[in-house]
1. Quick one: in the range 106-150, of everything that is among the hydrophobic types (A, V, I, L, M, F, W, C) and in a helix (DSSP H, G or I), which residue is farthest from P84 (Cα to Cα)?
2. Those residues that are within 19 Å of A123 (Cα to Cα) and in a loop (DSSP other than H, G, I, E, B), I need them from the range 151-172; list them, please.
3. I'd like the full set of residues that are within 14 Å of F18 (Cα to Cα) and in contact with a Phe, Trp or Tyr (Cβ under 8 Å, 6 or more places away or on another chain), limited to the range 143-170.
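Just so you know, all these numbers are worked out from the coordinates, no wet-lab data involved. The structure displayed is predicted, hence computed values, not measured ones. Positions of Cβ are backbone-derived with ideal geometry, glycine not excepted, and every protein chain shown enters the neighbour counts.
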Amino acid sequence: MSHKNIAVLVGSLRRDSFNAKLASALAKLAQPDFTFNIVEIGDLPLYNQDDDANQAPPVQRLKAAISAADGLLFVTPEYNRSIPGVLKNAIDHASRPYGQSAWAGKPAGVIGISVGAIGTALAQQHLRNILAYLDVPTLGQPEAFLLMKDGLFEADGSIGTASRQFLQGWVDRYVAWVSKHAG
């Protein structure tokens, strides 16, 4: 199997983000020929179509990271039953100008963690709708709507024993998905 570079987009900017922690823990479960790189999205200006012809350096960096990736991993919380604005802003930037989307054809996985009882189910569904429009083949099963609770993470940041088998299965399916669809 050839080396795969995964661009990871975390939908939370919070310093102690559960989703950033989850992204790091999932990377440790992947095969060694997969490299996961978190893409900075917190410094992007608000999307404005007037700027399409002269995209800011952070936008150019985002598009370059997405273009260079073999696959995408979206790890997002749920804000008000949808994805956070910062994630939508990044998606809009990298899809523009029209006809120059960096997303098209990149295989993706969607996962997230929340303190709410339904995890990130609605945010994930909204994100899947957006990704379908952008021609991003997205892993459909297994779905993973994680509830943040004691024991989910070990002290070293790895996945706790009770959830390790499930999340290892999710990562294994994601790795297979990217391997199947990456060019």
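1. A132
2. The answer is none; no residue qualifies.
3. M148, I159, G160
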